[in-house]
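To start, the structure under review is shown below, and the notes come after it.
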2 protein chains.
Amino acid sequence: DASSVESLDYEVIENYAYRLQQAKRGKLYAWYSVVVKWLFALATGIGTGLAAVFINIAVENFAGWKFSLTFSIIQKSYFAGFVVYMLINLALVFSSVYIITHFAPAAAGSGIPEIKGYLNGIDTHGILLFRTLVGKIFGSIGSVGGGLALGKEGPLVHTGACIASLLGQGGSTKYHLNSRWLQVLKSERDRRDLVTCGCAAGVAAAFRAPVGGVLFALEEVTSWWRSQLMWRVFFTSAIVAVVVRTAMGWCRSGKCGHFGSGGFIIWDVSDGQEDYSFEELFPMAIIGIIGGLLGALFNQLTLYITHWRRNYLHRRGNRVKIIEACIISVITSIISFGLPLFKKCTPCPDIDANSGIECPRAPGMYGNYVNFYCGNKNEYNDLATIFFNTQDDAIRNLFSAKTIHEFSAQSLLTFLVMFYTLAVVTFGTSVPAGQFVPGIMIGSTYGRLVGMFVVSFYRKLNIEEGTYALLGAASFLGGSMRMTVSLCVIMVEITNNLKFLPLIMLVLLISKAVGDAFNEGLYEEQARLRGIPLLESKPKYQMRNMTAREACGNQKVIYFHRVVKVGDVVSILRSNNHNGFPVIDHTRNGETLVIGLILRSHLLVLLQTKVDFQHSPLPSDVRGGSLPIRHNLNEFMKPVSSKGLSIDEIHLDSDDINMYIDLAPFLNPSPYVVPEDMSLTKVYNLFRQLGLRHLLVVPRASRVIGLVTRKDLLIED
Amino acid sequence: DASSVESLDYEVIENYAYRLQQAKRGKLYAWYSVVVKWLFALATGIGTGLAAVFINIAVENFAGWKFSLTFSIIQKSYFAGFVVYMLINLALVFSSVYIITHFAPAAAGSGIPEIKGYLNGIDTHGILLFRTLVGKIFGSIGSVGGGLALGKEGPLVHTGACIASLLGQGGSTKYHLNSRWLQVLKSERDRRDLVTCGCAAGVAAAFRAPVGGVLFALEEVTSWWRSQLMWRVFFTSAIVAVVVRTAMGWCRSGKCGHFGSGGFIIWDVSDGQEDYSFEELFPMAIIGIIGGLLGALFNQLTLYITHWRRNYLHRRGNRVKIIEACIISVITSIISFGLPLFKKCTPCPDIDANSGIECPRAPGMYGNYVNFYCGNKNEYNDLATIFFNTQDDAIRNLFSAKTIHEFSAQSLLTFLVMFYTLAVVTFGTSVPAGQFVPGIMIGSTYGRLVGMFVVSFYRKLNIEEGTYALLGAASFLGGSMRMTVSLCVIMVEITNNLKFLPLIMLVLLISKAVGDAFNEGLYEEQARLRGIPLLESKPKYQMRNMTAREACGNQKVIYFHRVVKVGDVVSILRSNNHNGFPVIDHTRNGETLVIGLILRSHLLVLLQTKVDFQHSPLPSDVRGGSLPIRHNLNEFMKPVSSKGLSIDEIHLDSDDINMYIDLAPFLNPSPYVVPEDMSLTKVYNLFRQLGLRHLLVVPRASRVIGLVTRKDLLIED
Ligand SMILES: Nc1ncnc2c1ncn2[C@@H]1O[C@H](COP(=O)(O)OP(=O)(O)OP(=O)(O)O)[C@@H](O)[C@H]1O
Ligand SMILES: Nc1ncnc2c1ncn2[C@@H]1O[C@H](COP(=O)(O)OP(=O)(O)OP(=O)(O)O)[C@@H](O)[C@H]1O
Ligand SMILES: [Mg+2]
Ligand SMILES: [Mg+2]
C-alpha cells in the first residue's frame, strides 16, 4: 500500500534552466504571476461554490421527493411506503457505490486524510484527478440522498481541493486546457497553495462558514502557513460565500424544486438560551467528557473496522463492495423506518399559536412533531421526527428551542445507540462519506439527553435543551476530529449564534483533552491506516537524543558523477527505488565535491527525451552560459496524483547506452544540508517546516565563508 | 536607535551541557514541562483577564464620574462645566504622561509593533519589563479616562504580553519568584510561545473576542506557527473569556460604580439590517475604498508626525513630552465640548414608546439623543451625542439601528474631520495609545454618512445606517492595519452579529487592497520607524538572483579557535559587536574544521564567572564525558528586553588574561548551514521560518554521509 504514496517536492529546484528563466523574467512577470494566482483563487471559489450548490440542490431534491412520495403512500399502506422508501434509497446508494467502484475508486471516503497528506507533502495516487472529482460529486449525491449515516461536507472539501488542483495544473492530463496561459502555476508550491484555497473553499461552501473554512485549512490540513497565503484563502472563502448566497437567492423563488425548504445546513439557534449560570458549567463539562469518550471510541471502532475491511472484505473485489453498501442501505432503511413504528405516539403539547410551530405538522412538510404511525390525529412520533427524516432536518429538530420535552429520553437513547452503530458501520464503505453531519447528529442527541436531565434537575433556570444539543454536537466533533479553533468557528457560523462561543470553547477543550488521552484524531488515524506518513507538528521524544547521522543509519549513499554514462544511469535507477541522488564532481586537485542533488523523475525525463546525450565524457561548459536549454521547465513537472514515468517504460538502444550525459544543468545545486551531528529534533523541524523531500547530511565544514544575520536579509527594493 | 534592538535566539543551543541535561531527563520530565506550560497559559489568561477588568472598571468610573459631574454643573453654567471637564481631563492625561515619561518610557504607544518585533525575533529594550507593565496599565487608565482620541485595546495586548513574559521568566529581574520551579520555561522558544498566548489573551480581553484573539496572535503578531501552540493559545483565550464574564457578572450587582452601564466594548448590532440586496454592494464597495484611502492616509500622516516627533520634539526631554500631551488634552477638551455648542439642536423625532429609546435622554444617562445646549426641552444635539461622550458610547450611538436620520450629514462630517485630525495628532504622544477604537470611531462615522446617502437614494430598501457604520469601521481598520481574518472575526465578535460576515469580508478585502497600493500596515510602518527590522513573510524580489555568498558580501569572518586565550577573547569582543562567532578546530592532519558557533552573550558569562579558565592551552576532553559541568544552564539565559552583560562591565586581572579557555562545551555544535550558492530566497525562507539568528554560509561539502527522507523521520515510540 505504501507503494501508492510518494513524496512531493515542494522545494524549488534551482537548476540552471530555472536560474536562466528567473534572470530573464522582469518585474512585470512577478506582477503577472500574482494576478494569475488571484484569478485562480477566484476560479476555485466560484467552482467550489457552484459544485456545492449543485450537490445540495440534487440531494435536497432526491430526499425531498423520496420523503413526500413515501408520506403520500403511507397514508394508504405503511408496508408499500416502506418498500418504496427502501427501494429509492437502495437505488441511490447503488448508483453511488457503482460510480465509485467502477469509475473513481479514489473518491471513496471523505478524502480529508488524503488532502491532509497532500498538503503535508505526500501524494496519494488518483486523489486529485478529474475522474475523482466527478465521482466525488455524483457519488456523494447518491450516498447522502440515499439516507446513509454520512454527510456531504467532507467530500465537499475534497471536491474543492480537486477543483483547485485541476485548475492549478491546467485541466486534467487528458483534456489539456490552454497550457501556455497556465504555466505560471507550474511549481508544486503554487499548486499546493491553490489546493489550500480549495480546501477552505470546500468548508466554506459545505457549512456556509467562510471564516471557518479559512481556519479549517489552517489548523487541520496544512502543515505550514504563510500570512500571504492566509489572505488569498480568505478571499477564496469570501467568493464562495457570495456564490452560494447568490444561488440561494435565485432558488428562493422556487426554481430549485425541493431545495430551499431544507437547503444548506444552517441550524439557526438564535432563539436558544439567553444566558447560562454557573451551575450549568458542570453538566456542560460532562457533555465534554462524554464527547471525548464517544469520539475516541468512534475513532477506534472505525479504525478496526476499516482495517478489517481493507484486509479482508475489500480485497475480494468490487462486487463485495457493492453488496456491502447495498446491505447497509437496506439495514439503514429498515431501522429508520421500522424503529419509529414501535414507538408509541405522544399527544401534542399545547403550543402557542404565534410561535409558528405546528403539532402535528402537515404531512410532507418540514418541521418538528411528525405524525407517523399514530392512532390519534393529535399525536406525534418523536422517534420519527429524528429518524425518519433527512439529517439536516433531524438536527434542526434536535437543536430546536422552545420545544422542551419534545423527545423522550428513551427515544433519544434508542436513536443514539442505533445511529452511532450505523455511523460506525457505514464509515469505510466505498461511497463518498463525510463525518461532520453524523457527528453532529450523535452529539446533539446525547447533548439533548443531558439537557433534559438539567431541565428537570434545575427547575428554576431558563434552560433550553436545544442549546445542550448544540454543545453536544461540538463535543462529539471535538472528541473525534480534535480540532479547536476551526471547529469552534464552524459551529458558531452554522448555528448563527455567538452567545455560546465561550461555552463551545470550553466543551471543545475538554472533549479534545479527553479524546487525546486515548488515541489520535480521526483523520490522523485514517491517514496512518492508509499508509500516508504524516509528519506531526511535534517531533518524537526520542529524537532529542539522536543525531542526523544516526537517522541515516549506515546507509551507503547512492550517487552519480557529474558526467555519467547513460547505461550506468539506467542500471543504477533499476537497482533501487530512491528518488533523489547526490551528484559528485572532482575538482582539479582531485578532491570530490558535492555539486547537487538530482531527482529520479528528472533523470527519467532526460532518458526519455534523449536530447541531452553526448558522445564525449567531458562536461559541457555550464558556467560559460554556452549551454543551450533544450527543455521547457514544464517537461520536468509531474502531474499531481498520477504515477509518473517509470524506468521500465523507457527503451534505449545500445547506441544510447554508450553515450554520456552531463547532469550539471539539471541538478538542484543547493539542496538543504545539515551537519552530521545536528540533533534529530532540529532536523525534523527543518524538514517539516520547509516542506522538504531530501536533506543531505554532510560532514562538518572546513571553513565558514560568511555569516548571514538579520541585517543581511534586510535588502531595500 | 537600532542599537536598542537586538535579535533573539530562538534556536535551541545544543551544547554539551544541554545534551547532558537532555540525556538525564526522563519521560516524566517531558510531562512535567507540558503541565507547567499549560499552567503558565492558565495564569496568563487569568492575569490578563483581571488586568483588563481593572482597566475597564477604572476607566469607566473616571469617565462616568467626569461626565455626570459635568452634566450636573452645566445645568447651571456651561462655562463652569467646561472648566471642570477640561481640568479633570488634564489631570488624568497629566498623570498618564507623567507615569510614562518618568517611570516607564517603553510603555508609550500601543506596543503592538514591539510585540510583533519580539515574536519576529527582535528584542526591544524595556518592552517586556515589570515597570512597563505597571506603566501601561495606569498610563492607559489616565489617557483613556482623560478623553484623548485613543483606545485601551492596543495597550491591553501589550499588557497581556508583559504578563506572559514576566511569568515566563519567573517574575521581574528585581523581584525574583521561586525560580527553581519556573526553570522549565528557561528556553526562549517557550517564552515566546507564552508571549503569543499573552497577545491573544490581550485581544480576547480587550474585545471580549476569544476567537479573534487567537487569530490576531496568529495573523498579525507571530511570524511562525505550530498547531500545538494554537491549542494552547485557544485555551488562554477561553480562560480570559471566563474571567471577564465572571467579573462582569459580579459587577452587575452595582459593586463597580459606573462600570456596567458602559462596560466592555460590545456594540450589539443584532437589531441591524436583516438582509442586503445587490444594489447595496456598490455603496459598500465605496466604503471599502474610502477605508483603504483614509487608512493609508492615516498611516502616512502618523508616520510623518512620529518621525518628526522622534527627531525634533521628543529629543528635548521629558518636559516637552508632558507639555505636548497636556496641550493635546486641552485641545481635545475644547473641541469635544465646544463644537457641539455651535450646533443647532434638532427636534426629537417621534419614537415608538416600546423601543426603549428616549428623546432626549435623561441627563447623566447613556443613550442616544443627548440634550446639550438646546433651547427647547424636546430637542437633542446630535454632535454632542458622539463628541461629548465616551468613545464606547459614541460608537454605540453610531452603530445604533432604528434611529434613521438621527445625525445630520454636517455633524458627521464635522466630527469625522475633527476626530481624524485629533487621532493623527494624538498618535505618538507619550501615553499608552491604541488605534482600534479611534479607528472604529472614524470608520463608523463615514460609514454612517454613506449609509445616510444610501437610505435617501434607495428609498424602498430596508436599510439601517448602523449597519453601514459597522462596515465603515471594518473598512477603516482594514485600510490601516491590513489584517483580514482576525479583524473580520473581531468585528463579528464585538458586534455580536454573524449576518454581516460576508459583507465585512468583502469590505476588508477591498480596503486592504486599496491600502496596500499606497503603503504598509500601521504596525509595520511604526515598527520600521522604531528601527525594528521585521522580516516580512515574502522575500524581496531581487533575492531570487542573489546567492547566500553575495549576501555576506566579502566580509572577513571573525572566528575563535577551540582553546583560546582569555586576553584574545576580550580583545576580539572589544573590536567588534557581532553576536555570534564560528569556532574552528584543527584535526590531526592539520585541516581546519568548523566545530560550532559561540554566542557573545555566552562568552561574556564565561568571562564573568571565570570558573572555566584553565592554565593549559590543550583541550580538556569533552568527548570522554569527563568534563564537570560548572554552570547551571540558566546562567546563560539573558532576561528578556533588558540589556545583557557588556564587555566593558567585565574586569579581569592580568593573571586571568593569560589563562586559556576551552570553548567546546559551550558552543552550539550544530548551527544551521547553507551552501554558498543557495539562492537568497531559499536562505530567507529558512531563516525566517525557523526563527534563526545566525546562519553559516559554508563551501560545498566534499561528500554526503547520508540522505534524510520522510521515511527516516517516521520513528515509532
Ligand atoms: N541516494 C540514496 N542513497 C542511499 N540511501 C538513500 C538514497 N535516497 C534515499 N535513501 C534512503 O532510503 C530510504 C528510503 O528512501 P526513499 O528514497 O524511498 O524515500 P521515501 O522516504 O520513501 O520518500 P519518497 O516518497 O521520496 O520515496 C531512506 O531511509 C533514505 O534515507
Ligand atoms: N563573526 C562574524 N564575523 C564576520 N562578520 C559577521 C560576524 N557576525 C556577524 N557578521 C556580519 O556583521 C553584520 C552585522 O552583524 P551583527 O552580528 O551585528 O548582527 P545583526 O544583524 O545586527 O543581529 P544581532 O541583533 O544579532 O546583532 C552582518 O552583516 C553579519 O553578516
Ligand atoms: Mg519511497
Ligand atoms: Mg547587531
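Quick notes on this one:
- Taken together, B:G596, B:G590 contain a single residue that is buried (at least 16 other Cβ atoms within 10 Å of the Cβ) and out of contact with any Phe, Trp or Tyr (no Cβ under 6 Å at 6 or more places or on another chain), which is B:G596.
- Filter result (over 23 Å from A:N397 (Cβ atoms) and either within 19 Å of the chain's Cα centre (by Cα) or outside the structural domain of A:Y304 (by TED's automatic domain parsing) (or both)) within the stretch A:480-523: A:M481, A:R482, A:M483, A:T484, A:V485, A:S486, A:C488, A:V489, A:E520, A:G521, A:L522, A:Y523
- Failed criterion for A:L645 (all others in (1) of a type outside the set (K, R); (2) more than 7 Å from chain B (Cβ to nearest Cβ); (3) within 37 Å of the chain's Cα centre (by Cα); (4) more than 16 Å from ligand 3 (Cβ to nearest atom) hold): (4)
- Looking across B:G567, B:G580, one residue alone is outside the structural domain of B:G154 (by TED's automatic domain parsing) and out of contact with any strand residue (DSSP E or B) (no Cβ under 9 Å at 6 or more places or on another chain). It is B:G567.
- Counted residues, the stretch A:53-89 - those being of a type outside the set (F, W, Y), under 27 Å from the mean Cα position of the chain (by Cα) and farther than 21 Å from A:R361 by Cβ: 7
- Residue list for the stretch B:579-598, restricted to those being under 29 Å from B:I122 (Cβ atoms) and either in contact with an Asp or Glu (Cβ under 7 Å, 6 or more places away or on another chain) or within 16 Å of ligand 1 (Cβ to nearest atom) (or both): B:I595
- Test result for B:R252, under 22 Å from B:L498 (Cα atoms) and among the basic types (K, R): no
- Residue, surrounded by the fewest Cβ atoms within 10 Å (Cβ to Cβ), within the stretch A:544-569, restricted to residues that are hydrophobic (A, V, I, L, M, F, W, C) and at the interface with chain B (Cβ under 7 Å from one of its Cβ atoms): A:V557
- Looking at A:I558, A:I510, just one residue is touching a Pro at 6+ places or on another chain (Cβ under 9 Å) and β-branched (V, I, T), and that residue is A:I558.
- The stretch A:516-529, residues that are buried (at least 18 other Cβ atoms within 10 Å of the Cβ) and either basic (K, R) or in contact with a strand residue (DSSP E or B) (Cβ under 8 Å, 6 or more places away or on another chain) (or both): A:Q526
- Test: residue in the stretch A:46-64 that is among the polar types (S, T, N, Q), outside the structural domain of A:I386 (by TED's automatic domain parsing), exposed (fewer than 15 other Cβ atoms within 10 Å of the Cβ) and more than 16 Å from ligand 2 (Cβ to nearest atom): no
- The set of residues in the stretch B:501-534 being over 30 Å from B:S641 (Cα atoms) and more than 11 Å from chain A (Cβ to nearest Cβ) consists of B:S511, B:V514, B:G515, B:A517, B:F518.
- The stretch B:175-205: number of residues that are in a loop (DSSP other than H, G, I, E, B), of a type in the set (K, R) and modelled with pLDDT of 65 or more: 1
- Candidate set: the stretch A:257-284, residues that are buried (at least 17 other Cβ atoms within 10 Å of the Cβ) and at pLDDT 75 or above; chosen: the one nearest to the chain's Cα centre (by Cα): A:M284
Yes/no per residue for (1) touching a residue at least 60 places away in the same chain (Cβ under 8 Å); (2) under 19 Å from B:F298 (Cα atoms):
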site	(1), (2)
B:D393	yes, no
B:E406	no, no
B:L416	no, yes
B:L422	yes, yes
B:F436	yes, yes
B:G443	yes, yes
B:R459	no, no
B:I463	yes, no
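- All positions within the stretch A:658-714 that are in a helix (DSSP H, G or I), away from ligand 3 (no atom under 16 Å from the Cβ) and either within 19 Å of A:G580 (Cβ to Cβ) or at the interface with chain B (Cβ under 7 Å from one of its Cβ atoms) (or both): A:K682, A:V683, A:Y684, A:N685, A:L686, A:R688, A:Q689, A:L690, A:R710, A:D712, A:L713
- Of all positions in the stretch A:85-96, at least one carries a residue that is in contact with a Pro (Cβ under 9 Å, 6 or more places away or on another chain), away from ligand 4 (no atom under 16 Å from the Cβ) and at pLDDT 95 or above.
- Any chance A:K643 is within 16 Å of ligand 1 (Cβ to nearest atom), assigned by TED's automatic domain parsing to the domain that holds A:G567 and closer than 23 Å to A:L573 by Cβ: yes
- Search result, residues across the stretch B:565-597 that are within 16 Å of ligand 4 (Cβ to nearest atom) and assigned to a strand (DSSP E or B): B:G580, B:F581, B:L597
- Unique residue being within 30 Å of A:V698 (Cβ to Cβ), of a type in the set (V, I, T) and in contact with a Lys or Arg (Cβ under 7 Å, 6 or more places away or on another chain) when the list is B:I629, B:I595: B:I595
- When the stretch A:9-41 is filtered for residues that are closer than 15 Å to A:P671 by Cα and facing chain B (nearest Cβ under 10 Å), the ones remaining, listed by number, are A:E11, A:V12, A:E14, A:Y18, A:R19.
- Qualifying residue in the stretch B:460-470 (condition: farther than 30 Å from B:A108 by Cα and within 14 Å of chain A (Cβ to nearest Cβ)): no
- Residue in the stretch B:540-549 that is closer than 13 Å to B:Y684 by Cβ and within 13 Å of ligand 2 (Cβ to nearest atom) present: yes
- Test for A:Y16: is it modelled with pLDDT under 90, surrounded by 15 or more Cβ atoms within 10 Å (Cβ to Cβ) and away from ligand 3 (no atom under 16 Å from the Cβ): yes
- A:A513, sole failed condition from (1) part of a helix (DSSP H, G or I); (2) more than 16 Å from ligand 3 (Cβ to nearest atom); (3) crowded, with 21+ Cβ neighbours inside 10 Å; (4) touching a residue at least 60 places away in the same chain (Cβ under 8 Å): (3)
- Being within 14 Å of chain B (Cβ to nearest Cβ) and at pLDDT 90 or above holds for only one residue in A:P582, A:P539, and it is A:P582.
- Flag for A:I122 being touching a residue at least 12 places away in the same chain (Cβ under 8 Å) and within 14 Å of chain B (Cβ to nearest Cβ): yes
- Scanning the stretch B:220-236 for residues that are facing another protein chain (nearest Cβ under 7 Å) and more than 24 Å from B:W267 (Cα to Cα) turns up B:W225, B:R226, B:S227, B:Q228, B:M230, B:W231, B:F235.
The values are calculated or read from the model by the stated rules, or taken from the named source; none is laboratory data. Treat the numbers as computed from the prediction; the structure is a model and nothing was measured. A quick note on method: Cβ atoms are made from the backbone with ideal geometry, for glycine too, and the neighbour counts reach across all protein chains shown.
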